[in-house]
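Visitor: I'd like to ask some things about the structure below.
The values are calculated or read from the model by the stated rules, or taken from the named source; none is laboratory data. This structure is a prediction, so every number in the text was calculated from the model and none was measured. FYI the Cβ positions are ideal-geometry reconstructions off the backbone, even for glycines, and counts take in every protein chain you see.
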Amino acid sequence: MTERVMRAEQVVDLFKVRFGTGIQEIRLTERREGMKKQPNYNIWIDMDRDLLKPAIQQLIDLHFPHFAVISGIDTGDTVRLVYHFSIFYGHPGKECTISFGVHLPKSDLTIPTISDLIPGAVFSEREKQEFLGVRVIDIPDSRRLFLPEDFPQGVFPWRKDETGIPESMVKNLYLSRRPTDRPSPQAEAKELCPLEGEEGSGEGSS
Amino acid sequence: MSGNEEKKAPYRVQIGPTHPALKEPVMFTFELEGEVVRDVDFAPGQTHRGIEWMGMRRNPVQIVHLTDRVCGICGVVHSLSFARAVEQITEIEVPERADYIRTIIAEFERIQSHLLWAGVAAHELGFDSLLHLTWRVREQAMDVIENLTGNRVNYGIVQVGGVRRDIVPEQHRIIEDCLATYEGLLEKLLDLFLHDRTITMRCRDVGCLTRDDALELCTVGPTARASGINVDLRQDYPYCAYGDLEVRAILPDQHLGETRGDVYDRIVVRLLEVGQSCGIIRQCLSGMPAGEITAEPKLAKLLAICKKARGEAIGRVEAPRGEAFHYVRMNGKEAPEAWKIKASSYSNLMSWIPMLKGEQIADIPIIVASIDPCLSCTDRVAVVRESGRSILTKEELHRLSVEKTRRLQI
């Protein structure tokens with residue numbers, strides 16, 4: 001592990017040179033807070049699926065990254081996975097996050113496992129399998145993670161298409177009333193508020 | 001769950017799945033040979049509430065109040081992470097005074113969380129008088145949090161663009177009193193925890209996590225620092241007011257001259273961080289800039305800004321247990337297109353496996369508690385031996401742990 005700390009722009013250039021046309025988009029964002037307005041840098045790289053593992057290997061060669069989590073978005077035709085890392089921790093003010101985005105077409109929702117490079121990632125990979133219906137190839141442990149054992153097969157909570165949570169599975173607790181088969185409470189019944197048919201359209205009043 | 005084929009060692013023992021104090025109750029399966037843990041497996045998510053799913057159907061102002069309820073102990077870190085992500089997408093500049101107030105609340109939260117943990121750790125070791133002491137002194141931090149935010153938990157202080165309550169000069173004295181109390185107590189707490197013969201025997205070289213394992217399993221916060229990884233977002237990736245202060249990660253070798261990555265080191269890191277938090281709050285109070293506390297006090301306007309926003313951002317905050325991470329993506333609609341929460345324990349749970357392997361049953365409670373998942377979820381254990389089946393309750397497991405302490409003391 002080399003402990004040479006690079007600036008965020010240098011990391012961006014390195015990835016541009018190394019992966020060239022395989023990178024669809026590369027962005028560098030910064031955020032400054034407090035009185036001194038010290039910057040924090042975030043690098044976002046959208047790349048081809050095949051480049052994901054070489055890119056992570058490149059990160060490991062720079063500085064063993066801290067892997068945070070994989071985010072997933074159902075964009076309609078594709079599922080976009082975003083692998084979030086951070087590098088150069090341990091150097092005050094120098095840490096930057098780096099996020100690798102890959103688009104998986106819904107006809108082929110597969111992605112190789114990265115747990116051979118970063119063993120801790122298997123946790124998040126298991127979660128993506130059950131929440132988005134992505135198949136992680138060669139995952140060492142493909143069991144469910146958070147969803148209960150009796151959760152129906154083929155339903156993926158974060159999908160926004162027909163495989164998402166059907167309306168029949170949603171329990172709108174705010175619509176529930178007091179059960180009628182129980183003894184009535186000691187206190188007098190309160191006047192009920194009228195219920196709107198839908199969730200608030202949310203034009204600001206709260 | 002276990003068939004007849006499991007009559008021979010190693011025995012499979014299950015612990016879990018739920019305990020009311022855990023935000024993510026966990027089901028453990030241990031493979032035991034005698035008293036020794038040979039292998040461990042766990043299944044989280046026993047009460048997954050689908051908060052992310054709910055959030056993707058609500059607007060950011062509503063979600064902020066949902067984030068308050070992600071965790072019962074970390075009342076501010078999730079709302080702060082989420083708000084910081086949305087502020088980056090909408091390009092809202094948070095007033096400097098709000099950055100300072102956010103920092104003060106976050107540090108008080110760290111103090112109360114670490115003291116809560118220290119009490120739990122003492123209890124797991126059978127040292128209940130120390131539990132009562134730490135939880136009694138923790139109350140003062142809770143009182144100050146209530147004074148500042150109006151609530152002991154679910155503070156409701158953070159809003160996208162700033163905070164919802166100011167800290168007025170009359171409150172400075174209350175905060176100062178509290179800091180003085182803790183600074184006076186810290187030496188005593190350190191002495192009680194670190195120089196007690198029993199605690200040392202139970203925690204030294206127990207539940208070790210090597211630096212390499214800690215790195216590869218992506219651990220965060222005190223768990224990572226106790227294994228010698230120099231990582232602390234307040235130092236590495238300064239947000240809110242931390243960039244103005246000189247915050248440095250606390251590592252066990254600074255205090256003890258070496259790093260072993262055991263339960264003892266985790267106690268050291270957390271207790272020293274209580275003192276560090278007092279220092280940070282004091283610096284924030286003396287350097288707090290005047291001005292507004294929110295960028296946009298009108299919620300309707302704030303929502304209109306959020307509704308127009310497009311883009312993605314990460315909000316990261318150093319929670320008491322390590323990095324809290326929120327990814328938000330907005331695409332010009334009222335509700336975010338994607339929202340992913342990564343709580344700190346999400347990153348730390350995998351480290352249980354190397355920590356627990358090779359340890360004794362009586363050490364399970366303290367090791368499980370040592371990464372601070374709030375409490376060990378040791379509520380029920382079924383031991384299958386021969387054809388007989390017995391249930392070990394949480395109380396019995398706790399008794400085993402206490403008995404081990406007694407044995408060591410003789």
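Visitor: Tell me whether the stretch A:118-137 contains one or more residues that are at pLDDT below 90, touching a Ser or Thr at 6+ places or on another chain (Cβ under 9 Å) and either closer than 24 Å to B:Phe28 by Cα or surrounded by 12 or more Cβ atoms within 10 Å (Cβ to Cβ) (or both).
Guide: The answer is yes; a qualifying residue exists.
Visitor: Now for a different question. For the stretch A:24-58, what are the residues that are acidic (Asp, Glu), surrounded by 14 or more Cβ atoms within 10 Å (Cβ to Cβ) and either modelled with pLDDT of 95 or more or assigned to a strand (DSSP E or B) (or both)?
Guide: Selection gives A:Glu33, A:Asp46.
Visitor: Select from the stretch B:324-346 the residues that are touching a helix residue (DSSP H, G or I) at 6+ places or on another chain (Cβ under 8 Å), more than 7 Å from chain A (Cβ to nearest Cβ) and in a strand (DSSP E or B) and list them in ascending order.
Guide: Result: B:Ala324, B:His326, B:Val328, B:Met330, B:Trp339, B:Ile341.
Visitor: On to the next question. If a residue must be over 25 Å from B:Tyr239 (Cα atoms) and in a loop (DSSP other than H, G, I, E, B), how many such residues does the stretch A:59-97 contain?
Guide: 3
Visitor: Six or more apart or on different chains, Cβ atoms under 9 Å: show the pairs whose first residue is in the stretch B:234-245 and facing another protein chain (nearest Cβ under 7 Å) and whose second is of a type in the set (Lys, Arg) and assigned to a loop (DSSP other than H, G, I, E, B).
Guide: That search, which allows pairs on different chains as well, returns B:Gln235/B:Arg248; B:Asp236/A:Lys94; B:Tyr237/A:Lys94; B:Pro238/A:Lys36; B:Gly243/A:Lys36; B:Gly243/A:Lys37; B:Asp244/A:Lys36.
Visitor: Given B:Val263, B:Val317, B:Val268, which one is within 14 Å of chain A (Cβ to nearest Cβ), under 19 Å from the mean Cα position of the chain (by Cα) and either within 19 Å of B:Ile157 (Cβ to Cβ) or β-branched (Val, Ile, Thr) (or both)? Lay out the reasoning, then the answer.
Guide: Details: B:Val263 fails: within 14 Å of chain A (Cβ to nearest Cβ); B:Val268 fails: within 14 Å of chain A (Cβ to nearest Cβ).
Result: B:Val317 is the single residue among B:Val263, B:Val317, B:Val268 that is within 14 Å of chain A (Cβ to nearest Cβ), under 19 Å from the mean Cα position of the chain (by Cα) and either within 19 Å of B:Ile157 (Cβ to Cβ) or β-branched (Val, Ile, Thr) (or both).
Visitor: Let me ask something else about it. Taking A:Ile118 as the residue in question, decide whether it is hydrophobic (A, V, I, L, M, F, W, C) and over 24 Å from B:Glu337 (Cα atoms).
Guide: yes
Visitor: Could you tell me how many of the residues in the stretch A:121-161 are aliphatic (A, V, I, L, M), within 18 Å of B:Gly50 (Cα to Cα) and within 9 Å of chain B (Cβ to nearest Cβ)? If you could, list the steps in order and put the result at the bottom.
Guide: Filtering the stretch A:121-161 down to residues aliphatic (A, V, I, L, M) leaves A:121-122, A:132, A:134, A:136-137, A:139, A:145, A:147, A:155.
Subsequent filtering for residues that are within 18 Å of B:Gly50 (Cα to Cα) retains A:132, A:145, A:147, A:155.
Adding the requirement that they be within 9 Å of chain B (Cβ to nearest Cβ) leaves A:145, A:147.
Going through the stretch A:121-161 one residue at a time, the tally reaches 2.
Visitor: Still on this structure: Give me a count of the residues in the stretch A:98-116 that are outside any loop (DSSP other than H, G, I, E, B), hydrophobic (A, V, I, L, M, F, W, C) and more than 11 Å from every other protein chain (Cβ to nearest Cβ).
Guide: Going through the stretch A:98-116 one residue at a time, the tally reaches 4.
Visitor: Across the stretch B:262-310, what is the total count of residues that are of a type in the set (A, V, I, L, M, F, W, C) and in a loop (DSSP other than H, G, I, E, B)? Break it down into steps so the answer makes sense when it comes.
Guide: Keep residues of the stretch B:262-310 that are of a type in the set (A, V, I, L, M, F, W, C), which gives B:263, B:267-269, B:271-272, B:274, B:278, B:280-281, B:284-285, B:288, B:290, B:293, B:295, B:299-300, B:302-306, B:309.
Filter once more, keeping what is in a loop (DSSP other than H, G, I, E, B): B:288, B:290, B:293, B:295, B:309.
Residues meeting the conditions: 5.
Visitor: In the stretch B:71-95, which residue that is within 14 Å of chain A (Cβ to nearest Cβ) and in a loop (DSSP other than H, G, I, E, B) is surrounded by the most Cβ atoms within 10 Å (Cβ to Cβ)?
Guide: Here the answer is B:Val94.
Visitor: Moving on to the next point. Hey, can you tell me all the residues within the stretch B:119-147 that are farther than 28 Å from B:Glu396 by Cβ and among the charged types (D, E, K, R)?
Guide: Listed by number, the residues that qualify are B:Glu139, B:Asp143, B:Glu146.
Visitor: Any idea how many residues of the stretch B:132-169 are closer than 17 Å to B:Trp117 by Cβ and either in contact with a Pro (Cβ under 9 Å, 6 or more places away or on another chain) or part of a helix (DSSP H, G or I) (or both)?
Guide: Number satisfying all stated conditions: 12.
Visitor: In the stretch A:59-86, which residues are touching a helix residue (DSSP H, G or I) at 6+ places or on another chain (Cβ under 6 Å) and more than 10 Å from every other protein chain (Cβ to nearest Cβ)?
Guide: Selection gives A:Val79 alone.
Visitor: Taking the stretch A:8-51 on its own, how many of its residues are more than 17 Å from A:Tyr83 (Cα to Cα) and touching a Phe, Trp or Tyr at 6+ places or on another chain (Cβ under 8 Å)?
Guide: Counting residues in the stretch A:8-51 that are more than 17 Å from A:Tyr83 (Cα to Cα) and touching a Phe, Trp or Tyr at 6+ places or on another chain (Cβ under 8 Å) gives 6.
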